[in-house]
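For reference, the structure is listed below as structure tokens.
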Amino acid sequence: MPRRTKATRRHIEAAYKKIEALGRLVPVTPGSKHPVDGSPILGESQAYATFTGEVYHPLRCRVVADKLDNDPKGIVVIDLSTVGGRRECRTCQDERGV
């Protein structure tokens, strides 16, 4: 593993503090699983999120689809009531017509 400079470590620590301030993510059991690939499908009042993200996804938008294709363990299903200070994904807003 490469050594990180003090500045890099400070930036990483600041990013994690910012994410912590948004609220802790509490994973929940997804509504169901996709029959072909086993990826999570949202139930009522659920959303997708990443542990290091500042947004949540109430839909399976292209951002979520790309993440599930490349790093399925990077997506977590949460209850909508626990999004904290996160904002809704702009792609999801566009797809919902908000």
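The values are calculated or read from the model by the stated rules, or taken from the named source; none is laboratory data. These numbers come from a predicted model, not from an experiment. Reconstructed Cβ throughout: ideal geometry from the backbone, glycine too, with neighbour counts over all protein chains shown. All accessible areas refer to the heavy atoms of the entire protein, side chains included, with ligands and DNA or RNA removed. Shrake-Rupley method; radii C 1.70, N 1.55, O 1.52, S 1.80 Å.
Results, tabulated for the structure shown:
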item: Pair list, Cβ < 8 Å and 6+ apart or interchain, from region 22-47 residues that are touching a residue at least 40 places away in the same chain (Cβ under 8 Å) to residues that are among the β-branched types (V, I, T) and part of a loop (DSSP other than H, G, I, E, B); result: G23/V83
item: Among residues of region 48-85, those that are under 11 Å from the mean Cα position of the chain (by Cα) and of a type in the set (D, E), counted; result: 1
item: Matching residues, region 55-88, being in a loop (DSSP other than H, G, I, E, B), open to solvent by 60 Å² or more (accessible area, probe 1.4 Å) and at pLDDT below 90; result: D71
item: Scope region 22-40; condition within 15 Å of the chain's Cα centre (by Cα) and open to solvent by 60 Å² or more (accessible area, probe 1.4 Å); matching residues; result: R24, V26, P27, T29
item: Residue pairs meeting the criteria (Cβ under 7 Å; at least 6 apart or on separate chains; first on the phi > 0 side of the Ramachandran plot, in region 77-98; second surrounded by fewer than 15 Cβ atoms within 10 Å (Cβ to Cβ) and outside any strand (DSSP E or B)); result: G84/G23
item: Filter pass, T91 being of a type in the set (S, T, N, Q), assigned to a helix (DSSP H, G or I) and touching a Lys or Arg at 6+ places or on another chain (Cβ under 9 Å); result: yes
